[in-house]
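This report refers to the structure that appears directly beneath it.
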Ligand SMILES: *Cc1c(COP(=O)(O)O)cnc(C)c1O
């Protein structure tokens, strides 16, 4: 059977009955890439796999949850959906709402959204409202609108989002044939780490697979879970995880505790360095937030946390093309030459 999206593929694990009509852009089924070059570069004793969620239809893992949330919203005869977003949720909500013929409203922190993500929300036809505030302010407003109106909230506080996102764990389990020993991922609102852990546990209870340790990484200036307190003014170059009061805080702590994993911080420069290393060694361009999974792995490798028996999966949550500005700042600009063979050859510096 040809691939028809995460709802059809994993229907038995989702809160739908047979006959549901999925709103799908054929999300999921993303590559799990064995990163041998990265392993050599980092001198890692363990195996490293990269789950490249930037290969989803709108370029981030949000599509897995959005197909489920929008399908449910249509089932409930919703007229419109709304989300607060650091960028990717709005892009995904706008695309799936377009496919479903629903109006999407998007509340964004002004000036803190990567250009590609804003362009996506607009071209998919969402009504975009920027506020002079941060993500946490936007989510507070969205929660109130959800209480006062019939507009359906499609942030990860909507449990259907988590249901969809857990399917990434299923794909990893199917591809590897067993659970990895560790799973590393960036943490913003903490919905994704919650979803992966739910997925691993559900599979384990049905198929008796083992469970990984969950490793979460927050940016140094936006690390409420790590510090155990709300951060009023979160800052980081990794805008997708620039969140001071995570919606799924408690569930994430539970996932970390139950799995005997840990949460740690990575600096912005470690994040940007990891982004370049992943691109240069593996040919994968992920966005800054995504690279924190590898930046964090690198820090743990330096502490000799892993052994040769370990298998680590890092989720690369989104596509680097969404945020070309940040990527271009840290890299060598192109060389320039007159349109002359000798000048070009000269610059190529072959011998
Ligand atoms: C949403 C997002 C995150 C953070 O995921 P949470 O579920 O909020 O923890 C990380 N990276 C990217 C690219 C994202 O879009």
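The values are calculated or read from the model by the stated rules, or taken from the named source; none is laboratory data. Since we're looking at a predicted model, the values are computed, not measured. Counting neighbours? That spans all protein chains shown, and the Cβs are built from the backbone with ideal geometry, glycine included.
Being modelled with pLDDT under 95, touching a helix residue (DSSP H, G or I) at 6+ places or on another chain (Cβ under 7 Å) and more than 13 Å from the ligand (Cβ to nearest atom) is the requirement here; does residue 209 meet it?
Details: modelled with pLDDT under 95: yes; touching a helix residue (DSSP H, G or I) at 6+ places or on another chain (Cβ under 7 Å): yes; more than 13 Å from the ligand (Cβ to nearest atom): yes.
Yes, satisfied.
Does residue 147 meet the test of being without any contact (Cβ under 8 Å) to a residue 24 or more places away in the chain and over 28 Å from residue 266 (Cβ atoms)? Step through it out loud before you land on a result.
Working: without any contact (Cβ under 8 Å) to a residue 24 or more places away in the chain: yes; over 28 Å from residue 266 (Cβ atoms): yes.
Answer is yes for this residue.
Within the stretch 115-131, identify whether any single residue is at pLDDT below 95 and either more than 20 Å from residue 319 (Cβ to Cβ) or within 21 Å of the chain's Cα centre (by Cα) (or both), and answer yes or no.
Looking through the stretch 115-131, at least one residue is at pLDDT below 95 and either more than 20 Å from residue 319 (Cβ to Cβ) or within 21 Å of the chain's Cα centre (by Cα) (or both).
Among the listed residues 58, 86, identify the single one that is under 16 Å from the mean Cα position of the chain (by Cα) and under 30 Å from residue 181 (Cα atoms).
Details: 86 fails: under 30 Å from residue 181 (Cα atoms).
Among 58, 86, only 58 is under 16 Å from the mean Cα position of the chain (by Cα) and under 30 Å from residue 181 (Cα atoms).
Take the residues in the stretch 189-198 that are in contact (Cβ under 8 Å) with a residue 60 or more places away in the chain and at negative phi, then tell me which one is farthest from the ligand (Cβ to nearest atom). If you could, list the steps in order and put the result at the bottom.
Our first condition is that a residue be in contact (Cβ under 8 Å) with a residue 60 or more places away in the chain; within the stretch 189-198, this holds for 190-197.
Now narrow it down to the ones that are at negative phi: 191-197.
Numbers: 191: 3, 192: 3, 193: 6, 194: 7, 195: 7, 196: 9, 197: 12 Å.
Only one residue tops the list, namely 197.
What do you reckon, is residue 154 more than 24 Å from residue 263 (Cα to Cα), within 19 Å of the chain's Cα centre (by Cα) and more than 14 Å from the ligand (Cβ to nearest atom)?
Values: more than 24 Å from residue 263 (Cα to Cα): yes; within 19 Å of the chain's Cα centre (by Cα): yes; more than 14 Å from the ligand (Cβ to nearest atom): no.
Taking the combined requirement at face value, the residue does not satisfy it.
Let's see how each residue does on (1) free of Cβ contacts under 8 Å to residues at least 24 places away in the same chain; (2) within 16 Å of the ligand (Cβ to nearest atom); (3) not assigned by TED's automatic domain parsing to the domain that holds residue 316:
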residue	(1), (2), (3)
14	no, no, no
18	yes, no, no
21	no, no, no
34	yes, no, no
43	no, no, no
46	no, no, no
53	no, yes, no
69	no, yes, yes
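Between 247, 274, 289, which is closer than 28 Å to residue 211 by Cα, assigned by TED's automatic domain parsing to the domain that holds residue 31, within 11 Å of the ligand (Cβ to nearest atom) and crowded, with 24+ Cβ neighbours inside 10 Å? Show your work before the answer.
On the way: 247 fails: crowded, with 24+ Cβ neighbours inside 10 Å; 274 fails: within 11 Å of the ligand (Cβ to nearest atom).
So the residue among 247, 274, 289 that is closer than 28 Å to residue 211 by Cα, assigned by TED's automatic domain parsing to the domain that holds residue 31, within 11 Å of the ligand (Cβ to nearest atom) and crowded, with 24+ Cβ neighbours inside 10 Å is 289.
Could you please find all residues in the stretch 252-264 being away from the ligand (no atom under 14 Å from the Cβ), touching a helix residue (DSSP H, G or I) at 6+ places or on another chain (Cβ under 7 Å) and without any contact (Cβ under 8 Å) to a residue 60 or more places away in the chain?
262, 264, listed by residue number.
Looking at (1) out of contact with any helix residue (DSSP H, G or I) (no Cβ under 8 Å at 6 or more places or on another chain); (2) under 30 Å from residue 303 (Cα atoms), which is the one condition that is false for residue 76?
(2)
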